[in-house]
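Okay, so here's the structure we're looking at.
Only the coordinates and a few stated rules stand behind these numbers; no lab work does. Every value quoted in this text rests on a predicted model; they were computed, and no experiment measured them. Positions of Cβ are backbone-derived with ideal geometry, glycine not excepted, and every protein chain shown enters the neighbour counts.
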Amino acid sequence: MIRKILHLDLDAFFCAVEENRNPELKGKPFAVGGKADQRGVVASCSYAARMKGVRSAMPMARAIQLCTDLIVVSSQHANYSQVSKEVMALIEISPLIEKISIDEAFIDVTGLPEPIYTIAETLQNRVNSQMQLPVSIGGATNKLVAKIANDWGKSQNKQPTPPNAITIIPPGEEASFLSPLPVQSLWGIGPKSAEKLAGIGITTIGALANTPVETLEMLFGRFGPDLQDRARGIDTRPVETEHDVKSISNEITFAQDLTDRNTLLHAIQKLSDQVGRRLRKAVLAGSTIQIKLRWSDFTTITRQATLPSSTNLDHEIFATAAALFEENWDKNRPVRLVGVAVTGLGEPIHQLTLWEDSHERKASLLNTVDDLRERYGADIIKRAIQLNDKRHPSQEDDSTEES
């Protein structure tokens, strides 16, 4: 049976949600993200802003230089998450849905009798009308081509409005569709790989598909044959309905570079609390604690330590993170960013020891605190050290990495 795979991508999702909340933003150049004077970055930008060169992940200060009338809107992650859940529920026309980010998903609709374009059009109309959100959809016989088709379809939009495109690649036309595209359109081809390929005259996916596999093995080792399959539009990966979470992390970029040890440790304490809370909410614990330090010159290091048993308790995460910080901190180098992560995740399993009752009491207390914060906001309960902490505004980021 020929597979029918769709890739859905909500166009400028954060911006679209903000436009629904404040219709006066429609048609205007604006960006969602952090403040320019606090080293904020662009999380999302309207298509009117993109027409002036603004892009996601760009420093907000640079975005304002490019677009002097840019409107900056603070991120509302809780709101975006809720809208994302509503959209995902709306597109549940098949049990085979793979959510790959807050605004993207694959759907295997092979079992549905309608033509793939009809299914895509139905889904798009549903999201447009019921959620008032633009969504672009790519379709093909596999995930690789469906995703690239969607990216290509969106790139054809030259208007200061969301593309809301549908691009379907018929069965048997995968290789011919990919052939003229640049090699970096393929998953797994980054700038360095593209540079290697350009060195032997390969700049398009078609040229890559026709390159002898021995040459690709010489350049990329065992990855070479797989790369050639991708270039020919071959991808047998299934739509996966579940992912194993690999790590949970939070980080802070400071408004000003810091050299004060106590302030940095306080930031690490706050990050440890946030990571612990997210672990408990996901009913997970991890055995490896990691810190990330970025100096003022953008040099970045990560260091980690593995515990005898897994944990999701704030104080245990902080104790290890703080020790790693002390071992690697250079008081003569200003710090731009710190991060805390927990990896090696699994279900919380604690060994029975003489201290088990103490551990259970601490876990129970933290779960109660988590519940209060969930109901009344993150600031309803604070550590004493946090009560007067208004010294260094910062941009925070949290992330959950999945396989």
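Output yes when any residue across the range 62-69 is buried (at least 19 other Cβ atoms within 10 Å of the Cβ), within 15 Å of C15 (Cα to Cα), out of contact with any Leu (no Cβ under 8 Å at 6 or more places or on another chain) and not β-branched (V, I, T), and no when none is. Within the range 62-69, none of the residues are buried (at least 19 other Cβ atoms within 10 Å of the Cβ), within 15 Å of C15 (Cα to Cα), out of contact with any Leu (no Cβ under 8 Å at 6 or more places or on another chain) and not β-branched (V, I, T).
In this structure, is I137 assigned to a strand (DSSP E or B), hydrophobic (A, V, I, L, M, F, W, C) and touching a Leu at 6+ places or on another chain (Cβ under 7 Å)? Here the answer is yes, as I137 does meet what is asked. The set of residues in the range 201-228 being within 24 Å of S176 (Cβ to Cβ) and charged (D, E, K, R) consists of D226 alone. Among the residues of the range 85-92, are any charged (D, E, K, R) and under 17 Å from the mean Cα position of the chain (by Cα)? For the range 85-92, residues charged (D, E, K, R) and under 17 Å from the mean Cα position of the chain (by Cα): present.
Criterion first (surrounded by 18 or more Cβ atoms within 10 Å (Cβ to Cβ), touching a Lys or Arg at 6+ places or on another chain (Cβ under 6 Å) and farther than 30 Å from L70 by Cα) does L186 satisfy it? For L186, the condition - surrounded by 18 or more Cβ atoms within 10 Å (Cβ to Cβ), touching a Lys or Arg at 6+ places or on another chain (Cβ under 6 Å) and farther than 30 Å from L70 by Cα - is met. Scanning the range 93-103 for residues that are polar (S, T, N, Q) and more than 21 Å from the chain's Cα centre (by Cα) returns a single hit, S94.
Among residues of the range 232-261 that are more than 26 Å from V275 (Cβ to Cβ), none has a beta-carbon under 7 Å from a residue that is surrounded by 15 or more Cβ atoms within 10 Å (Cβ to Cβ) and hydroxyl-bearing (S, T, Y) at least six positions away or on a different chain.
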